Every structure is written in C-alpha cells, then in structure tokens.
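**Q** One structure coming up, written as structure tokens, with questions to follow.
The values are calculated or read from the model by the stated rules, or taken from the named source; none is laboratory data. Not measured: the values here are computed from a predicted model. Neighbour counts run over all protein chains shown; Cβ positions are idealised from the backbone, glycine included. Just so you know, the surface numbers come from the protein's heavy atoms only, side chains and all, with ligands and any DNA or RNA stripped out. Shrake-Rupley method; radii C 1.70, N 1.55, O 1.52, S 1.80 Å.
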Amino acid sequence: MEKKREKSATKRTEKRQQSPGYNLTGLLFATGGAVLVTVILIMGVFQMYLKRFQGEKGGQTYEEYYVMLTQDKKSDFWQAIYESAYLEGLSQGVYIDLLSNDLSQDYSIQELMDIAIYAKVDGIIVEADESLRMTEQINKAVSAGIPVVTLYGDNTQSERCSYVGLGYYDIGREYGRQILRIAGEKGKSQNVAMLVEAGSEKTSQNIVISGIQETIAQENTDETLSFQYSMIAVDGASDFTVEESIRDLFMQEEIPDIIVCLGARDTACVYQAVVDYNKVGQVSILGYYTSEAILKGIDRGVIDATIMVDTAQMGRYCVDALKEYKSLGNTSEYFAADISLIDKNNIEQYMGDSADE
Amino acid sequence: MNKKKFSSLSLQAKISSIYILANLFILLANMMLLIGINRMSNEMEKVYQENLNLNALSECLGGVQDSMVEYLGSKTTESLENYYRMEQEYSEKIRDLSDEIGNVSSTRMERNIRHMSEAYLELTSQTIEAKRGRNVEKYRLRYESATKLYHYIDAYIYRLNMEQFVSNSENYNSLSAAFRVFAYTSMMVMIVVILINVLLIIKFTGSMMEPLKTLSQRANEVAKGNLDVEMVAFQSEDEIGVLTRAFNQMVISLKVYIERIKDSMEATRRLKEKELLMEAHLTDAQLKYLQAQINPHFLFNTLNAGAQLAMMEGADRTYAYIQKVATFFRYNVRKENDQVSLREEINLVDDYIYILNVRFSGDIHYRKEIEESCLDRQIPSMILQPIVENCVNHGIREMAGEGEIRLSVRETKEGVCISISDNGVGMSQETIDGILQGTYDGTRKSSDSNGVAMDNVLARLRLFTGNDKVMDIYSEGIGKGTEFIIYLPVTPDADVE
C-alpha cells in the first residue's frame with residue numbers, strides 16, 4: 001500500500017518533470033487557433049454569401065454575342081431551336097440571346113434587326129421572309145460587318161451567309177402522302193384546306209404546298225379520287241387572330257375534309273376547334289411540329305399525323321454556320337434539318353420522350 | 001523556443017499578456033465581424049444604386065434627345081450648347097456600362113445599350129451636323145433614325161431597369177435575410193470567443209496557481225517540522241519559478257544545516273569526553289609524579305635507625321625529634337591513601353611545627369582552633385602542611401620578631417572552612433592573584449621545602465572539590481600577615497565515597 005503510494009507519487013513527479021512550466025503556450029495557440037478558425041469560418045461563409053451576389057453580376061464572359069430574332073419567340077418550336085442554339089453556342093464561346101426576350105415591347109423582326117445592328121452584335125440569326133424590307137435590313141447588317149443566318153424562313157435576295165431551314169419540299173411530299181392515305185381510307189373527293197399565313201412572304205409555304213400538290217399528282221393511283229385545294233389565310237398578326245381565323249373556317253357551310261397546318265399553333269387551334277365542333281373523324285388534321293397537345297391529339301386519333309422537325313439540329317446548324325463563316329469567310333448556303341412523321345404508329349415513342357422530358 | 005520565451009516572462013508580464021491576448025482575440029473577432037457587417041450594409045446600399053444609375057442614364061438620354069430636338073426646332077446656340085453638354089454627359093455615363101458578353105442578361109443588355117448609345121450619339125451628331133449644313137433631307141432622315149434608336153434605347157434601359165429592380169429586390173431580400181443570419185451568427189461567434197477566452201484565463205490562472213498551491217502545502221508541512229517533503233517540481237522563469245526553486249533550496253539547506261549542527265554537537269560531546277578523560281589521566285600522573293618526588297623510604301628508615309640510636313643513648317628529646325621527623329616523612333610516603341582525614345592533616349601540621357621549632361629553637365607560636373566535628377572530614381593529603389610551610393618560609397622567616405601560625409577549622413553552611421594565617425610579611429595583591437591563578441613562580445625558590453608547591457596544592461584541591469573556588473588568600477598588605485582559607489564543600493564527591 002505504502003509502496004504503491006510512493007510509486008504513484010514518483011510517477012506524478014516524473015510526469016511533472018516531463019512537462020515542466022505552465023505548458024500554456026500550446027493552450028494559447030490552441031485558443032488563438034480556435035478563435036481564428038471560428039472567425040475565418042464565419043467570414044468565409046459570409047464571403048461566399050457576398051460572392052454569390054457579386055457572381056451574378058460578373059461571372060463567365062464569352063467571346064461572341066449572337067442574337068436570334070423571331071416573331072414567335074414563345075412557341076415550343078422556337079424555344080426548342082433557341083435552346084439548342086444556345087447550348088451549342090456556349091460550347092463554342094458564344095452567347096446567344098433571343099433578342100426579343102430583352103425587351104418589354106413587342107418589336108417587329110425589322111425593328112429587332114435594327115436594334116441588333118445598332119447593338120453591334122457579332123452575328124444575327126433571323127427568321128426571315130422574302131420581303132424587300134428584310135433584304136434591306138439583312139444587307140444593312142452584313143455591310144455593318146454582322147453576318148446573318150436566316151432561319152426557318154429565308155431571304156434569298158439578301159447577302160445572308162447561310163440559310164438554315166427544313167426540307168419544305170419533303171414536308172410537302174409527306175403531307176401529300178398522308179392526304180393520299182386519308183383519301184384512300186375515306187374515298188370520294190377530298191377538300192384539302194391549307195392554312196397559310198396571311199400576307200406572309202415566306203416562300204417555304206409555297207414550297208410545301210407545291211410539294212403536296214405534286215406528290216398527289218404523281219402518286220395518286222386511284223382515278224376516283226379528286227382533290228380540291230383551298231388556301232386559308234390565317235392572320236398571324238396577333239395572338240388571337242389565328243384562333244379567330246380557324247373558328248371562321250368551321251363556321252362555314254363547307255368544312256374541309258383535310259386540314260393541313262403549317263404551324264404548331266395552327267395545329268393546336270384546329271385540333272381544339274375540331275373537338276369543339278364535334279368534327280372528330282370527319283375532319284382529318286395534318287399537324288406541324290410537336291407539342292404536348294398535338295401529341296395527345298395524335299394519341300387520341302384526332303390528329304392524323306404531324307411533322308416532327310429536328311429543332312436541335314436547326315439550332316446547332318445556325319451556330320455552326322455563323323462560326324464557320326466568321327472563321328473561314330464562307331459557309332454552306334443551305335442547311336436542311338431532318339424531318340420525320342409522327343402518326344399513330346410511332347406516337348408511343350414520342351409520348352414516352354416527352355414524358356421523360 | 002516560444003515556450004521558453006513565454007516561461008521566462010515575469011508573472012506580471014504573463015498575466016498581462018494573457019489578458020491582452022484574450023482582448024486581442026475579442027477585438028479581432030469583433031473587427032472581422034464589423035468588417036463583415038460593414039461590407040454587407042455597403043452591399044445593401046449598393047443594391048438599388050444600379051437602378052438609380054439607370055434612371056440617371058435614361059434621364060440623360062432624354063436630355064440628349066430633347067436638346068437635339070430643341071436645336072433642330074430653334075437652332076439656338078443655347079440648345080446646341082445644351083446638346084453638347086448632354087452628349088458629353090451621356091457618353092461619359094455609357095462608358096460605365098459593361099462591354100462584356102456575360103452569362104447574366106443584365107451585362108449583355110448593358111453591352112447592347114452601350115453600343116446602341118454610341119450609334120445613337122453618332123447619329124445625333126450627324127443630325128446636328130446636317131442641320132447646321134441646312135441639309136434638310138438628310139437631317140430629317142437622320143432625325144427619324146435617331147429618334148427610332150432613342151426609343152429602342154429607352155425601351156432597353158427601361159427593360160434593364162425592370163430586370164435589375166427584380167433581381168435587386170431578390171438580392172435585397174436575401175441580403176437582409178443573410179444580414180439577420182450574420183448578425184445572429186456574429187453574436188454566437190462573440191459568445192464562443194468570449195467563452196474560449198474565459199476558459200483560457202481560467203485554465204491559465206489555474207495552472208499558474210497550481211504550483212503555488214503545491215508550494216503552500218509543502219511550506220505548511222515544512223513549517224510543521226517535516227523536512228522530508230517531496231520537492232516541488234516546477235520549472236519556470238517567473239517569480240513562482242524563483243519562489244519554487246528558492247523553497248526547494250531552502251528545504252535542502254535546512255536539512256544540511258540541521259545535519260551539520262547535529263554533527264558538530266556530536267563532535268563537541270566527544271571532544272569533551274576525551275578532554276575529561278585526558279584530564280583525569282593527567283591528574284593521576286601528576287599525583288603519581290608528585291608523590292614520586294617525595295618518596296624517601298630510605299630517609300624514613302634512616303631516621304628510624306637514628307631514633308633507635310638516640311633511645312639507646314638515652315637522649316629522649318632527640319628520640320622524640322627524630323621520631324616526629326620520621327612520622328612526618330612516613331606521612332609523605334603513604335601513597336596509597338590519596339585522601340586522608342582532616343585529623344591526620346592537622347597532626348602532620350603539628351609535627352611539622354614541632355620539627356621547625358626544634359630546628360629554629362621555638363620561634364614559631366602555633367595556635368589551633370579546631371571544631372572536633374570537622375576532624376573526620378576527608379581531604380587530599382599534603383594540603384595543609386605545604387601551606388603552613390609557605391607561611392613559615394615566606395611569612396615568618398623574613399620578618400623580625402616572633403612568628404605566629406594560627407590554624408582554625410570551623411564548620412559553616414557551605415562546608416568546612418580551614419583557615420591558616422601568619423603574622424608575617426604579608427603579600428601583595430599581585431602575588432595573591434599570581435598564586436591563585438597558578439602563574440606565580442616564587443614559591444619554588446626556596447630549597448627548604450618538602451617539594452609540594454602551592455600551585456600543586458591548589459590544583460589538587462580543585463580536582464578534589466571539582467570547584468575552582470577552593471582557596472582564598474587575604475593579606476592586608478606588606479607586614480600585616482597572610483591568611484589562607486580553604487573551603488571544603490559540604491558534600492564533596494570524595495566524601496560520599
């Protein structure tokens with residue numbers, strides 16, 4: 001017992017001798033460290049907070065700035081194209097704006113062209129038409145050193161460097177085949193109505209229509225079938241006139257048997273009108289582009305078929321064309337995006353896609 | 001190294017540095033937090049600054065347009081100056097706009113506004129130029145373009161303003177939320193820092209006081225007399241360290257001194273023992289020596305033969321004389337009895353006086369006053385006779401007239417007091433002191449002595465009684481006689497035996 005105590009005492013002494021003095025320097029440093037770490041941690045968190053605000057203002061910068069000009073910026077079709085072009089642009093150091101998004105007012109394409117030229121952008125992607133005004137604007141931009149790519153609608157007279165469009169003639173042929181198929185199912189003569197944009201100087205519509213007509217003429221093997229074509233001018237000047245125009249169509253005595261839509265919005269409107277006027281089955285609809293509503297229409301059998309456009313490809317083509325033109329001074333005059341037909345047979349596939357998205 | 005530095009500081013410096021450090025920590029934390037709060041409030045102030053800037057820009061743009069229109073309408077110098085001023089102001093303002101293509105829409109809008117504004121300013125100056133040149137067609141056209149562009153820019157600025165207002169409002173909300181969080185966190189941080197500081201101080205003072213506590217405990221133990229305490233193990237350069245080392249040293253020194261004192265006491269004791277032993281031996285030797293000096297068996301036997309011869313010749317007085325002389329010498333020879341009774345000593349004195357009177361034909365008057373009860377007292381042999389001899393040789397013989405020797409023995413409270421006095425020449429005080437201190441040498445001059453000197457008598461008396469005060473010598477001066485007084489204590493050691 002006594003010995004044990006002695007041992008522990010000596011141990012204690014040894015311990016003390018091993019660490020003589022206050023041995024507080026370590027404690028001091030530890031405390032100082034703790035204080036500093038705490039403060040620095042707080043400051044760091046706070047700094048990050050601030051950085052986040054400041055980061056919104058600064059951030060990454062890009063070498064070039066392209067703008068995309070379209071009248072119909074809100075449609076899925078254009079949004080899809082823009083999205084694709086935007087992403088493609090980012091990968092190539094280009095920032096692409098849908099210019100009309102920046103402005104609270106709705107400007108016409110020509111006005112937007114003006115703005116883009118004054119703003120000295122590095123490239124313009126524009127949904128053009130064949131109007132003289134457009135030609136002037138495009139030429140003005142080109143002479144200001146801004147290359148212009150026309151998208152979806154072309155202006156062949158202008159000095160645009162490239163045109164990114166669809167194979168409109170192919171679209172026409174697809175429509176023609178569908179009309180023939182529908183006519184084959186229904187028999188008798190078919191009244192085909194084609195919705196065209198009123199006052200539009202887009203040549204694409206004409207190509208589509210001629211494509212339809214030529215295909216029917218060439219491929220119609222049934223002599224009993226006859227087709228009457230009618231062009232229904234849809235007033236696309238404002239949001240509501242399209243719908244009104246289409247309703248007017250259904251108020252007439254003779255309702256067309258087949259309606260060919262050359263726009264996504266037209267398709268949606270016709271689809272709704274057919275449902276509303278209880279003409280399902282009586283009126284066949286050939287749609288254009290895809291939206292949830294259109295796909296649903298196909299699934300329900302209200303819409304016979306629609307043309308699917310590879311919008312991603314279009315967006316990419318625009319950026320590629322501008323980039324190529326800027327680096328080489330030259331680029332392909334014409335890029336055609338792929339199209340495909342969606343009907344009852346393959347709708348599942350697209351429904352699944354859109355559900356995934 | 002730092003540790004050493006710190007531990008070498010004085011206590012005051014240590015405590016001060018700890019407090020200063022603690023305060024510094026708090027100050028540091030406070031400052032950092034203050035900086036943070038300051039920056040945050042700056043940021044909050046800045047939030048709507050952009051909107052204000054844009055408003056100013058818009059106003060300035062309007063100013064340019066208005067002044068241009070005014071000039072075109074009135075062509076006054078004032079309006080032209082106004083235009084130039086506004087143009088200058090506006091071109092300065094647009095220089096602040098970003099020229100980068102960022103991923104934030106506001107930066108791109110700024111960039112667009114900047115470029116459009118540059119184009120606009122060029123157009124307006126061209127318009128003004130055309131107006132000055134009175135080129136009506138041209139300035140009308142340019143005016144129209146400029147106005148169109150003015151509306152675009154205005155719309156753009158408006159849009160940007162709106163956008164920034166929205167994002168700033170969001171920023172403001174999140175900033176103020178962050179501000180609240182930050183304020184709360186700051187408080188927590190301060191509390192934590194203060195807690196850490198308090199902990200530090202408690203810990204520090206605690207560990208500073210610990211050695212003091214230990215030290216006081218040890219000191220208490222030492223105060224109670226326990227010198228075998230454990231050493232306080234503590235190394236520090238400050239006052240506590242000094243105190244601790246001093247304490248340790250003190251305990252060690254105390255032990256050493258106590259040990260030393262013990263040793264020296266032991267040595268003294270041994271030395272004394274040895275000294276005593278040596279003294280005993282010396283005394284023994286002295287006695288033996290003295291007795292060896294007076295051992296004349298031959299003389300005694302010869303005297304005996306002379307006594308018998310005188311008796312045979314019928315010379316009675318001669319016989320008695322020789323007999324007494326023989327007895328006197330026999331007494332001297334009795335070595336084995338170192339102590340004798342007072343009676344025997346007095347008898348010896350009687351004999352001696354008789355012999356002297358015979359020799360000097362009755363010159364000495366001898367008187368005795370003896371208390372009978374004292375006669376059996378023990379006394380070293382050969383004490384009284386040498387004193388009497390001294391009286392005779394130095395007192396009486398050197399004077400004229402009749403000498404007288406008085407011997408008195410009486411009992412006092414302290415013991416037996418033996419007085420031997422003469423009426424001789426007396427003694428000077430110096431001689432008395434010399435005799436008593438044993439430095440006086442005069443007694444040995446005379447050859448007419450039995451050989452026992454006063455210093456021997458004194459030494460033996462002192463040894464016998466174990467007392468220094470064994471004899472007094474009184475003399476009232478030259479010619480007034482001398483008195484020797486011997487004090488025998490009541491119960492001397494020898495008497496007990």
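Here is a yes/no grid of residues against (1) within 9 Å of chain A (Cβ to nearest Cβ); (2) surrounded by 14 or more Cβ atoms within 10 Å (Cβ to Cβ):
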{"position": "B:185", "(1), (2)": "yes, yes"}
{"position": "B:190", "(1), (2)": "no, yes"}
{"position": "B:194", "(1), (2)": "no, yes"}
{"position": "B:198", "(1), (2)": "no, no"}
{"position": "B:204", "(1), (2)": "yes, yes"}
{"position": "B:209", "(1), (2)": "no, no"}
{"position": "B:218", "(1), (2)": "no, yes"}
{"position": "B:225", "(1), (2)": "no, no"}
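**Q** With the checklist (1) under 24 Å from residue B:17 (Cβ atoms); (2) open to solvent by less than 30 Å² (accessible area, probe 1.4 Å); (3) part of a helix (DSSP H, G or I) in hand, flag the one item residue B:243 doesn't pass.
**A** (2)
**Q** For residue A:192, work out the one condition from (1) open to solvent by less than 40 Å² (accessible area, probe 1.4 Å); (2) modelled with pLDDT of 85 or more; (3) in a helix (DSSP H, G or I) it doesn't fulfil.
**A** So residue A:192 meets the others, but not (3).
**Q** Would you call residue B:254 at pLDDT 85 or above and either within 30 Å of residue B:217 (Cβ to Cβ) or of a type in the set (Asp, Glu) (or both)? Before the answer, list the steps.
**A** Numbers: at pLDDT 85 or above: yes; either within 30 Å of residue B:217 (Cβ to Cβ) or of a type in the set (Asp, Glu) (or both): yes.
Yes, satisfied.
**Q** Another question about this same structure. Taking segment B:30-41, which residues are open to solvent by 50 Å² or more (accessible area, probe 1.4 Å) and more than 10 Å from chain A (Cβ to nearest Cβ)?
**A** If the condition is that a residue be open to solvent by 50 Å² or more (accessible area, probe 1.4 Å) and more than 10 Å from chain A (Cβ to nearest Cβ), then B:34, B:38 are the ones that fit.
**Q** Next up: Would you please name the residue that is surrounded by the most Cβ atoms within 10 Å (Cβ to Cβ), looking only at residues in segment B:107-150 that are facing chain A (nearest Cβ under 10 Å) and over 18 Å from residue B:93 (Cα atoms)?
**A** The qualifying residue surrounded by the most Cβ atoms within 10 Å (Cβ to Cβ) is B:145.
**Q** Then there's this: Are there any helices (runs of 4 or more DSSP H) wholly within segment B:1-111 with 1 or more residues that are closer than 20 Å to residue B:123 by Cα and among the small types (Gly, Ala, Ser), and if so which? Break it down stepwise before answering.
**A** Working: elements: B:2-7, B:11-47, B:49-74, B:77-95.
Per the criteria, B:49-74, B:77-95.
**Q** Here are the criteria: (1) in contact (Cβ under 8 Å) with a residue 12 or more places away in the chain; (2) farther than 17 Å from residue B:106 by Cα; (3) more than 9 Å from chain B (Cβ to nearest Cβ); (4) not hydroxyl-bearing (Ser, Thr, Tyr). Tell me which single one residue A:106 does not satisfy.
**A** It is condition (1) that residue A:106 fails.
**Q** Could you check segment B:359-377 and list, in sequence order, the residues that are more than 16 Å from residue B:424 (Cα to Cα), surrounded by 12 or more Cβ atoms within 10 Å (Cβ to Cβ) and in contact with a strand residue (DSSP E or B) (Cβ under 6 Å, 6 or more places away or on another chain)?
**A** B:368, B:370, B:371, B:374, B:377 - these are the residues of segment B:359-377 that are more than 16 Å from residue B:424 (Cα to Cα), surrounded by 12 or more Cβ atoms within 10 Å (Cβ to Cβ) and in contact with a strand residue (DSSP E or B) (Cβ under 6 Å, 6 or more places away or on another chain).
**Q** List, please: which pairs have Cβ atoms under 8 Å, are six or more places apart or on different chains, and start with a residue in segment A:112-123 that is more than 7 Å from every other protein chain (Cβ to nearest Cβ) and within 9 Å of residue A:99 (Cβ to Cβ) and end with one that is in a loop (DSSP other than H, G, I, E, B) and open to solvent by 10 Å² or more (accessible area, probe 1.4 Å)?
**A** Matching pairs, first to second residue: none at all.
**Q** Please work out which residue is surrounded by the fewest Cβ atoms within 10 Å (Cβ to Cβ), limiting yourself to segment B:151-183 and to residues that are at the interface with another protein chain (Cβ under 10 Å from one of its Cβ atoms) and among the β-branched types (Val, Ile, Thr).
**A** B:181
**Q** Mind listing whichever residues of segment A:62-79 are in a helix (DSSP H, G or I), open to solvent by 30 Å² or more (accessible area, probe 1.4 Å) and of a type outside the set (Asp, Glu)? Give the steps one after another, and end with the answer.
**A** Just the residues of segment A:62-79 that are in a helix (DSSP H, G or I), to begin with: A:76-79.
Restricting the remaining residues to those that are open to solvent by 30 Å² or more (accessible area, probe 1.4 Å) gives A:76, A:79.
Of everything in segment A:62-79, just one residue is in a helix (DSSP H, G or I), open to solvent by 30 Å² or more (accessible area, probe 1.4 Å) and of a type outside the set (Asp, Glu), namely A:79.
**Q** Can I ask one more? So, residue A:258, is that one crowded, with 18+ Cβ neighbours inside 10 Å and within 28 Å of residue A:296 (Cβ to Cβ) or not?
**A** Values: crowded, with 18+ Cβ neighbours inside 10 Å: yes; within 28 Å of residue A:296 (Cβ to Cβ): yes.
So residue A:258 fits the description; yes.
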